[in-house]
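**Q** Below is one structure. I have some questions about it.
Since every read-out is calculated from the coordinates, none of them should be taken as a lab result. Note that the coordinates shown come from a computational prediction; the quantities given were computed from them, not determined experimentally. Quick reminder, even Gly has a Cβ in these numbers, built from the backbone with ideal geometry, and neighbours come from all protein chains shown.
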Amino acid sequence: MVSMERGPSIGASDNEEINSPEDDRVVRIKTDNGLFDLVYSDHTIANDPETMREADAILLEQRALFSNSGVEMYLDFIEKDEKGGRQYRAIVAEAKKTKKPIFMVDLPLTYKSQAINEEQLTAGLGSQLEALLGVVLTLSVGRDIVKQKMNRRQFLKVATKGLVATYFMTPIAERLIPSNADGSVSGESSLARKSERNLISFNDKAHPELNKDFTIELRNKVMAQKAETVAKSLTKAGVVNPVCSVYVGAKHFGMEQALKKTERQRMQEIRDYTKEDTSQLGKIARIDFGVAGDGKETVTISIFEDEAFR
């Protein structure tokens, strides 16, 4: 069973949808394994720790080296890099304070299938030509419209040309949707955000040539699968109905659909995307904060595998 809510969900029924000005970036997904609060944000904007107040665990969208030294380097980067670490700095600090575990569930930094190949270069050039053709057709439609009169046949011809121009220019439109003045992500109920979601979903289907091999959708499916595995591990550790706050970039809303699928469906789609051995994708890093007997703070890093990727 899966349900979806927006905004705070304290006291809400499974299927109730709630919008709130302060929490409108948060979408809650309920599955058989737990509750997942997807917190959407821009990578350059700090996340509010208030969004993790209900969480039993914190999940981060962040490609990294899945080793103790690799995770240590990333934690050091978050703490010391003023701009690059801004998105998660307050979240990590709050997790450290409240002793909530952090899980890194993105693709490993060592995964190489995103390397640009000849097919991707061809697709990239093709997308540029499509955009140019869209602009040319749009200008042509404008010229036709300013003509004084059109019969039915001429009108249909112009309308068809306009539809074709729209098709070719949707990838450009996706990049032109405005953000807030401070660069932050609009609330999930805003017109801009709904438009962005619809355009990205349309382009995923209408322009598959833009999404060869390494795609944001692959990462969405991998992160959703690992998120479910994290929730199962929390349940085994004694957490009842675990709540996971999942921090992702604004374009990762495909995780919502990925979480609604079964493990079998997700893994089949992941294998269809990669067309290769998926065992290298299954690593998850867990970070635990504690206090030693002498009062000193401790950080324990452990790496484990999601067996579904084997």
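**Q** Students often check this: by mean Cβ neighbours within 10 Å, which of 286-294, 228-236, 66-74 ranks highest, and how do the rest follow?
**A** The most tightly packed comes first, giving 228-236, 66-74, 286-294.
**Q** Could you give the length gained by full extension between D76 and T235, i.e. 0.36 nm per residue of separation minus their alpha carbon distance, to one decimal place?
**A** 54.3 nm
**Q** If each residue of separation counts as 0.36 nm, what is the full-extension length gain between T110 and Q280 once their alpha-carbon separation is subtracted?
**A** 60.3 nm
**Q** A further question follows. Using a/c under 1.5 as the rounded threshold, could you call segment 31-115 rounded, prolate or oblate? The axes a ≥ b ≥ c are square roots of the C-alpha gyration tensor eigenvalues, and prolate needs a/b larger than b/c, oblate otherwise.
**A** oblate
**Q** Follow-up. For G238, what charge total do you get from the other residues with a beta carbon under 13 Å from its beta carbon, if Lys and Arg give +1 and Asp and Glu give -1?
**A** +1
**Q** Can you give the charge dipole size of segment 222-310 about its Cα centre, rounded to the nearest 20 debye, using +1 on the beta carbon of Lys and Arg and -1 on the beta carbon of Asp and Glu?
**A** Using only the charged Cβ atoms, the result is roughly 240 debye.
**Q** Considering the zone a paramagnetic label at S69 would reach in this model (a point 7 Å from Cα along the Cα-to-Cβ line), which residues of segment 271-300 have amide N under 20 Å from it?
**A** 283-287, 299-300
**Q** Next up: Strictly over 26 Å apart at the Cα level, which of K232/K260; K83/K226; K232/K261; K96/K226; K97/K221 would you flag in this model?
**A** Too far apart for the 26 Å limit: K83/K226; K97/K221.
**Q** Where Lys and Arg each count +1 and Asp and Glu each count -1, what net charge lies around P101 among other residues with Cβ under 9 Å from its Cβ?
**A** +1
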